[in-house]
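Below you'll find the structure, written out as structure tokens, and then a few comments.
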Amino acid sequence: MSKVTFFTSESVCSGHPDKIADGISDLLLDELLKQDVNSRAGIETVVGSNQIAIFGEIQSKAKINVESLVRNYIKNLGYNKIEWGFSDQSIFHNYLHQQSPEISVGVDSEGAGDQGMMFGFACRETENFMPLPISLAHSLTAKLDLIRLQGKLIWLRPDGKAQITVKYIDGLPFSVDKIVMAVCHDQKVNQVQLKKAIIQKVIAPVLDQFKLRLPRSDSIIINGTGRWYIPGPESDAGLTGRKIVVDTYGGYARVGGGAFSGKDASKVDRSGAYAARFIAKNIVAKGYADKCEVCLAYAIGQRYPLMQTIETFGTAKVSDQVIDDFQKKIIDTSVNGIIKRLDLKRPFYQLTTNYGHFGKSDLSYEQIITKID
């Protein structure tokens, strides 16, 4: 008898409060790196009702206008209405300071900028080797943002979420069971119009892209409490790093103890997670396993991981030794080895902020190795 299971993942739009915070943190990191590739940063952003605050530490030769950059970013997200309670005109606070010398001394010796464990995962459920539920959820929020920016639904406002439940049969994705979306809008559209438009313009095209059928209408919930007029931090404060499950594998695989945005590559919370994904994806892409999870663990100031494991969940097609040898050939998992192999001193981090840090083919740690020197 077949075993039926269900799995749910969610994603959020770029105008979601937590993603506003992530976006600001990554924006400032990129601006520092544009002027000084050796910049170090751990930037935390808080956005709330008519408030923007930047915290954290930096060490850089770069000179940037933090307030101007932040206000322009918020405006470009669509938060240009003072009446929404949060906008590019909101009160601004800058509490950035120099990096702690106790941390700096460890990084100066090419060691990790923090301790912690990181996980990377890959499977064969999608073309980008990501679990299907999170891939669908990200596609829905990305499509919702695109529709708004293109002006195809003029009543959309810059905030939203998507949650999708996938039905599995014997461990393989079979169909979409339920879809839940939260969509911020103006008063010109009613609930019936809203649901019809979102299904036609957002949900149907995304499912068609994945060659999946729409679930029944009563299995699609758009704005479960009815109307939603006020977007962003006026309704719910946002913090950097609070969407770590959205940023990774949608709960389908384990995640480490630290978030990503606003951190330079010396922070192994970020670089280690990218390296772990790089290893896992290449193992699966090579055909050595159908599913793979890589775990790395570091100590502050130490160059090499204290622990490094590879789990293939009984799906391996080759021996553990073959997999281990392959991993060692494609990347050196010392902190400096990861930074060099994946070119992580580039100012590319804004590309990672929205719709997940993994599964995007143009990122260095998503590249599939076809030739080993």
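Only the coordinates and a few stated rules stand behind these numbers; no lab work does. These numbers come from a predicted model, not from an experiment. All Cβ positions, even for glycine, are placed from backbone atoms using ideal geometry, and neighbour counts span all protein chains on display.
Near Ile221: Cβ cut-off under 11 Å, other residues only, Lys/Arg at +1 and Asp/Glu at -1. The net charge is +1. When the C-alpha to C-alpha distance is required to be over 32 Å, the pairs from Lys291/Lys340; Lys3/Lys267; Lys63/Lys201; Lys143/Lys328 that qualify are Lys3/Lys267; Lys63/Lys201; Lys143/Lys328. Shown is the FRET efficiency for Lys317 and Lys211, computed with R0 = 25 Å from the Cβ-Cβ distance and rounded to the nearest 0.05: 0.45. With contributions of -39500 (n - 2.57) from each DSSP H run of at least four residues, the per-residue ellipticity at 222 nm computed over the chain stands at -9500 deg cm²/dmol.
Here the contact order of segment 17-104, divided by its residue count and restricted to Cα pairs under 8 Å and six or more residues apart, works out to 30 percent. Neighbours of Leu172, meaning other residues whose beta-carbon lies under 13 angstrom from its beta-carbon, give a summed charge of +1 when Lys and Arg score +1 and Asp and Glu score -1. Of the beta bridges in segment 17-104, as assigned by DSSP with both residues counted there, near 60 percent are antiparallel.
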